[in-house]
Amino acid sequence: MRAAPNPAGRMALNAAAYAVTVFLLLPTLIIIPMSFGPERFLQFPPNGFSMRWYLEYFRDEEWLRATFFSLEAGLISAVGATLVGTLLALALVRGRLPGRGLIELLVVGPVIVPHVALAVAMFLVFEQLRLTGTLLGFAMAHTVLALPFVVFTVLAALYRFDAELERAALSCGAGPVRGFFHVTLPLIAPGVVSAALFAFVISFDEAVVSFFISGLDRKTLPRKMFEDIDYNISPTLAAVATMLTLLTIGALLLGYALKRAMERRAAAAAGEGGDHG
Amino acid sequence: MRRPSSFLLAGRRYSPAASLLLAAPFLLLIVVVFLLPLATLLHESLFLPSPGLQHYERALAEPVYLRVMLRTLRIAAQVTALALVLAWPLAWVMSRSKGLGLALLAAAVLLPLWTSVLVRTYAWMVLLQRNGVVNQWLQKLGLTDEPLKLLYTEPAVVLAMAHVLLPFMVLPIYSALKGIPEDYTRAAQMLGASAWASFREVIWPLALPGVTSGCLMVFLLALGFFVTPALIGGPQQMMIATLVSQQVREMLDWSFAGALVGILLAFVLLLTVIFRRAVRLDRFVGQG
Amino acid sequence: MAEAARHQGGILLEGLVKRFGPVAAIDGVSLAVQPGEFLALLGPSGSGKTSILMTIAGFEFPDAGRVVIGGEEVTWTPPNRRNLGMVFQRYTLFPHMTVLENIAFPLKMRGVARAAREEQARAALRTVRLESYGDRRPAQLSGGQQQRVAIARAIVYRPRVLLMDEPLSALDKNLREEMQIEIKQLQREIGITVVFVTHDQTEALTMADRVAVLDHGRLQQLGAPRALYEAPETPFVARFIGETNFFQGRAGGAASDGALFPVQLDNGAQIHALAVGAIAAGARLTLALRPERLRLAPAGAPGLAAEVREAIYVGNATTLLLRGADGATLRARIPAGAGFSEPAPGEHVTLQWEAGDARAFAAAA
């Protein structure tokens, strides 16, 4: 970067940016050392090291049950939202879709509509359909919440993908279905997988709808956390929060690797890197 | 006149029938799990126990509820303003960084974005509660004699919400700023513009779409936010989402909750229609 | 057998019309491509050449008209069932497959057994002289190599027609010229019908047996390269292919097609020109004259008086920019090495030409 005409101003701006970074990260990261503190009162810095709260989590059947329930709901929603969303993205990009504008509006619907509104509405209907506290109920709700992100991720992958390759497949005699499985899908696969990852994280972290449609014994991890925060801030929560943060870091790294894979494929398809006469 | 050549393909694209078939699972889900519940709830608010706008009138007439709504608007506005002030320098420095620096800053924005809202809210509670980290340090440093009341105050709600929603402000501004070549500011300064003038005349107008998009996203999300205000604000700083929850779970008054949701929805949809070009979901995906 | 196969490769387009909103991308084009012929579709961007190719390929459907390939109407047949080969502007090799897998792909889609597939793919790779590159990924090849692989993939299943959509435009100049000759030779070798889209007139003239010149969705002229250059039938063709000086004038008498007749130029000169189509007496005319057909004579000689403005040396010739008596800019070309004197800027000269070299078109009413 060139020397700025106003070095003091630039330094102030940089300092401000890094201060904001600290503000963004600190509250989440400060929990990590605190979760290893031995005392029932969370302190920073912790005065000692103990795995006590982690053990407590792993011994508590209610925590484990909530975790597994969330995993189940997350996996099902991820698969469901990825399937449904990829098909829709294909129709939007490659199809002639009647009422396209309306469908695009419906795609962003679950993002625009506040989750609390959606949660209460789902609660009302799910209660009548006996879907509250069921895996099916959660899978349906979380699939809808994750769909916009899946559709946009796959759309981005499809737009980056060179549509001429599909035409080349057709000219080679592959029908649209075989063309999709032999050419399109392998090339947008990283985008589809990262969409599934998004969907899983969204479902796994989803708190508001879970708050309303959980059952007494069938609740998700966020709902269990919500209850625990509301009643007593136990240090077990700090251990759970730490594990969730680490999981998020892992998911982000995976997502980043997938994004790189996408870019490499797009570059390879564009014939870059090989164009030296 | 136009005869489709096959069920699947019409020229370069899938035929309308095949396209609809691809969209069918989505349409089914969105109708059953999205439109139908919302319609049922709104129906409840308009027709039960008798048809009319009585629930809406009550929501807008009774001072208790009006106060909640005004507080919601006030907090959402404060959160948006605070997030904008915090996001600008970060987005600017990000847009002018490369390599490792950019990766670190981007990670700092993306990690919170994808960390559970509950984890982040919980962190703020640990920091702000009566015997929390902030009070421990304030006393240790001798700045205060006894713990301050930080939790369940409006500034605490604003701060925590701004923290939770900040990535939604940073990302759109960042992508707008990234699109401005550095040569533009150089050119402006070569042409005699001061740093401030080049900001005002060049940077700000070009960044405005990103700023609008970020402000809209944060404001919309803040209006309907549930987890953070419910836990950090408590009943004393009740916002509309908490009020809806209370009506449903404690009063079992679905019609009134429906009316509150109706008002919230009307507000959100109005803003979305006005600023529909600024609703850019693509800015938040494909980044991680 | 080979003869029968060739007969499958004829293409007939009848009254093709394709509209995009109010714009007619193809505006009533009819033409026939002979089996084994190399036809170039030449025109500026927006002339409809690519739309015609896409209609033949089946990626576009016409609003009116028919496409017949090998005697069989395919207007509405999807592209994957037309059994045509296509080479695209960008190389469009599948980046997740090796070179050999790319070439074998159309065979796989046709249910050819694995062993036969590999053998035929290797043979096609040999045809484009890349036999040792089969295991590489497309990204590891140069642009020219990638385009050769794309050609191999398009011919491996012996399609009746090979369609090429500006396949050389991504290559640099030298490689492009090399590939033009290579493709032409390959086409002769395997006797396939080729329809080749390009906006580069030199490329069209170099490669094609016949060239179809298009403008605004209409077929302007269809003919052998020599005919297009020597005998353009419209001012557009005269302007688009090679360089041309234009004059405006009025017919001094009626003339039938191909006749020499007197013309009164707007700049006052009286000349004779060759009528393109029948021309009525007194009709407004556009006259076209190739720069290399102009001869220089000393000032005062009979002909068109002009002043030399610039003399541009271009190696094999010198291009003169001249100003006519009426101020119009004219070009003349003097071949190098033939001992012609080259006038210096500022010199006054007279331009002369054979009457038959000035082609007169009736101006559009």
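The values are calculated or read from the model by the stated rules, or taken from the named source; none is laboratory data. Quick caveat: nothing in here was measured; it's all calculated off a predicted structure. When we count neighbours, we look across all protein chains shown, and the Cβ atoms used for this are built from the backbone with ideal geometry, even at glycine.
Confirm whether B:LEU53 is under 18 Å from B:VAL261 (Cα atoms), in contact with a helix residue (DSSP H, G or I) (Cβ under 8 Å, 6 or more places away or on another chain), within 12 Å of chain A (Cβ to nearest Cβ) and modelled with pLDDT under 95.
On the way: under 18 Å from B:VAL261 (Cα atoms): yes; in contact with a helix residue (DSSP H, G or I) (Cβ under 8 Å, 6 or more places away or on another chain): yes; within 12 Å of chain A (Cβ to nearest Cβ): no; modelled with pLDDT under 95: yes.
In short, no.
What about A:PHE36, is it in a loop (DSSP other than H, G, I, E, B), surrounded by 17 or more Cβ atoms within 10 Å (Cβ to Cβ) and over 25 Å from the mean Cα position of the chain (by Cα)?
Spelling it out, A:PHE36 is indeed in a loop (DSSP other than H, G, I, E, B), surrounded by 17 or more Cβ atoms within 10 Å (Cβ to Cβ) and over 25 Å from the mean Cα position of the chain (by Cα).
Okay, residues lined up against (1) at the interface with another protein chain (Cβ under 8 Å from one of its Cβ atoms); (2) at pLDDT below 90:
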| site | (1), (2) |
| --- | --- |
| B:TYR65 | no, no |
| B:ALA77 | no, no |
| B:ALA83 | no, no |
| B:LEU86 | yes, no |
| B:TRP92 | yes, no |
| B:ARG96 | yes, yes |
| B:VAL109 | yes, no |
| B:PRO112 | yes, yes |
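Going by the conditions given, is B:LEU150 among the aliphatic types (A, V, I, L, M), assigned by TED's automatic domain parsing to the domain that holds B:ALA91 and over 23 Å from B:ILE274 (Cβ atoms)?
Taking the combined requirement at face value, the residue satisfies it.
Report, by residue number, each residue of segment A:132-144 that is surrounded by fewer than 24 Cβ atoms within 10 Å (Cβ to Cβ) and either in contact with a Ser or Thr (Cβ under 8 Å, 6 or more places away or on another chain) or closer than 18 Å to C:ALA154 by Cβ (or both).
If the condition is that a residue be surrounded by fewer than 24 Cβ atoms within 10 Å (Cβ to Cβ) and either in contact with a Ser or Thr (Cβ under 8 Å, 6 or more places away or on another chain) or closer than 18 Å to C:ALA154 by Cβ (or both), then A:THR132, A:GLY133, A:ALA139 are the ones that fit.
Please work out which one of (1) assigned to a helix (DSSP H, G or I); (2) more than 9 Å from chain A (Cβ to nearest Cβ) is the condition B:THR121 fails and give its number.
(2)
Hey, could you check segment A:159-212 for residues that are away from chain C (no Cβ under 14 Å) and part of a loop (DSSP other than H, G, I, E, B) and say which is nearest to the chain's Cα centre (by Cα)?
Going through the qualifying residues, I end up with A:GLU206.
Within segment C:207-249, which residues are closer than 20 Å to C:ARG284 by Cβ and over 14 Å from the mean Cα position of the chain (by Cα)?
Scanning segment C:207-249 gives C:GLU233, C:THR234, C:PRO235, C:THR244, C:ASN245, C:PHE246, C:PHE247, C:GLN248, C:GLY249.
For A:ARG260, which of the numbered conditions (1) in contact with a helix residue (DSSP H, G or I) (Cβ under 6 Å, 6 or more places away or on another chain); (2) away from chain C (no Cβ under 14 Å); (3) not acidic (Asp, Glu) fails to hold?
Condition (1) is where A:ARG260 drops out.
Just a yes or no: is a residue in segment A:16-29 β-branched (Val, Ile, Thr), in a helix (DSSP H, G or I) and surrounded by fewer than 16 Cβ atoms within 10 Å (Cβ to Cβ)?
yes
Return the residue satisfying two criteria in turn: it lies in segment B:132-150 and is surrounded by 13 or more Cβ atoms within 10 Å (Cβ to Cβ) and aliphatic (A, V, I, L, M), and of such residues it is farthest from the other protein chains (Cβ to nearest Cβ).
For segment B:132-150, the residue satisfying everything is B:LEU148.
Somewhere in segment C:228-235, is a residue buried (at least 24 other Cβ atoms within 10 Å of the Cβ) and under 30 Å from C:GLY356 (Cα atoms)?
Yes, segment C:228-235 contains at least one residue that is buried (at least 24 other Cβ atoms within 10 Å of the Cβ) and under 30 Å from C:GLY356 (Cα atoms).
I'd like to check something: does segment A:77-97 contain any residue that is in a helix (DSSP H, G or I), more than 26 Å from the chain's Cα centre (by Cα), more than 10 Å from chain B (Cβ to nearest Cβ) and of a type outside the set (Ser, Thr, Tyr)?
Checked segment A:77-97: no residue is in a helix (DSSP H, G or I), more than 26 Å from the chain's Cα centre (by Cα), more than 10 Å from chain B (Cβ to nearest Cβ) and of a type outside the set (Ser, Thr, Tyr).
Residues of segment A:39-76 being among the hydrophobic types (A, V, I, L, M, F, W, C), part of a helix (DSSP H, G or I) and surrounded by fewer than 18 Cβ atoms within 10 Å (Cβ to Cβ), which ones? Can you show your working first?
First, pick out the residues of segment A:39-76 that are among the hydrophobic types (A, V, I, L, M, F, W, C): A:41-42, A:44, A:49, A:51, A:53, A:55, A:58, A:63-64, A:66, A:68-69, A:71, A:73, A:75-76.
Okay, now just the ones that are also part of a helix (DSSP H, G or I), so A:53, A:55, A:58, A:63-64, A:66, A:68-69, A:71, A:73, A:75-76.
Result: A:LEU55, A:PHE58, A:LEU64, A:PHE68, A:LEU71, A:LEU75.
State which residue is surrounded by the fewest Cβ atoms within 10 Å (Cβ to Cβ) when the search covers only segment B:10-19 and only residues that are aliphatic (A, V, I, L, M) and at the interface with chain A (Cβ under 7 Å from one of its Cβ atoms).
B:ALA10
Looking only at segment C:78-114, how many residues end up being crowded, with 17+ Cβ neighbours inside 10 Å, in contact with a Ser or Thr (Cβ under 7 Å, 6 or more places away or on another chain) and assigned to a loop (DSSP other than H, G, I, E, B)?
2
Restricting to segment B:30-55, give me the number of residues that are surrounded by fewer than 19 Cβ atoms within 10 Å (Cβ to Cβ) and either in contact with a Phe, Trp or Tyr (Cβ under 7 Å, 6 or more places away or on another chain) or assigned to a helix (DSSP H, G or I) (or both).
Residues that pass the stated criteria total 11.
Please count how many residues of segment C:124-145 are within 12 Å of C:LEU100 (Cα to Cα) and either outside the structural domain of C:LYS173 (by TED's automatic domain parsing) or in contact (Cβ under 8 Å) with a residue 12 or more places away in the chain (or both).
Residues in segment C:124-145 being within 12 Å of C:LEU100 (Cα to Cα) and either outside the structural domain of C:LYS173 (by TED's automatic domain parsing) or in contact (Cβ under 8 Å) with a residue 12 or more places away in the chain (or both): 9 in total.
Report the residue count in segment C:324-344 for those that are part of a strand (DSSP E or B) and either of a type in the set (A, V, I, L, M, F, W, C) or closer than 19 Å to C:ALA288 by Cβ (or both).
Count: 7.
Look through A:PHE58, A:PHE49, A:PHE44 and report the one residue that is more than 23 Å from the chain's Cα centre (by Cα), facing chain B (nearest Cβ under 7 Å), more than 30 Å from B:TYR14 (Cα to Cα) and of a type in the set (A, V, I, L, M, F, W, C). Please lay out each step first, then the result.
Details: A:PHE58 fails: facing chain B (nearest Cβ under 7 Å); A:PHE49 fails: facing chain B (nearest Cβ under 7 Å).
After ruling out the rest, the residue left standing is A:PHE44.
Restricting segment A:119-158 to residues that are under 30 Å from C:ASP165 (Cα atoms) and of a type in the set (Gly, Ala, Ser), which is nearest to the other protein chains (Cβ to nearest Cβ)?
Just the residues of segment A:119-158 that are under 30 Å from C:ASP165 (Cα atoms), to begin with: A:154-158.
Next, from what is left, pick out any that are of a type in the set (Gly, Ala, Ser): A:156-157.
On the way: A:ALA156: 5, A:ALA157: 8 Å.
Checking each candidate, the answer is A:ALA156.
Those residues that are farther than 18 Å from A:LEU29 by Cβ and within 11 Å of chain A (Cβ to nearest Cβ), I need them from segment B:151-161; list them, please.
B:LEU151 - this is the single residue of segment B:151-161 that is farther than 18 Å from A:LEU29 by Cβ and within 11 Å of chain A (Cβ to nearest Cβ).
Consider A:PRO148 against the criteria (1) assigned to a helix (DSSP H, G or I); (2) in contact with a Gly (Cβ under 7 Å, 6 or more places away or on another chain): it satisfies all of them except one. Which criterion is unmet?
(2)
With under 22 Å from B:LEU127 (Cα atoms) and surrounded by fewer than 21 Cβ atoms within 10 Å (Cβ to Cβ) as the only criterion, which of A:GLU164, A:GLU227, A:GLU263 stands out?
From the options A:GLU164, A:GLU227, A:GLU263, the qualifying one is A:GLU227.
Let me confirm something: among C:GLY21, C:GLY58, which residue is more than 10 Å from every other protein chain (Cβ to nearest Cβ) and over 30 Å from A:ALA261 (Cα atoms)?
On inspection, the qualifying residue turns out to be C:GLY21.
Would you mind stating whether C:ILE56 is surrounded by 23 or more Cβ atoms within 10 Å (Cβ to Cβ), closer than 18 Å to C:ILE190 by Cα and in contact (Cβ under 8 Å) with a residue 60 or more places away in the chain? Talk me through it step by step, then tell me what you get.
Details: surrounded by 23 or more Cβ atoms within 10 Å (Cβ to Cβ): yes; closer than 18 Å to C:ILE190 by Cα: no; in contact (Cβ under 8 Å) with a residue 60 or more places away in the chain: yes.
In short, no.
Could you list all residues from segment C:267-280 that are assigned to a strand (DSSP E or B) and over 18 Å from C:GLU230 (Cα atoms)? Quick ask: steps written out before the conclusion?
Filtering segment C:267-280 for residues assigned to a strand (DSSP E or B) gives C:270-276, C:279.
Once the filter is applied, which keeps residues that are assigned to a strand (DSSP E or B) and over 18 Å from C:GLU230 (Cα atoms), segment C:267-280 yields C:GLN270, C:ILE271, C:ILE279.
Select from segment A:98-108 the residues that are at the interface with chain B (Cβ under 7 Å from one of its Cβ atoms), at pLDDT 90 or above and closer than 25 Å to A:PHE211 by Cβ and list them in ascending order. Before the answer, list the steps.
Filtering segment A:98-108 down to residues at the interface with chain B (Cβ under 7 Å from one of its Cβ atoms) leaves A:98, A:103, A:106, A:108.
If we keep only those that are at pLDDT 90 or above as well, we get A:103, A:106.
A:LEU106 - this is the single residue of segment A:98-108 that is at the interface with chain B (Cβ under 7 Å from one of its Cβ atoms), at pLDDT 90 or above and closer than 25 Å to A:PHE211 by Cβ.
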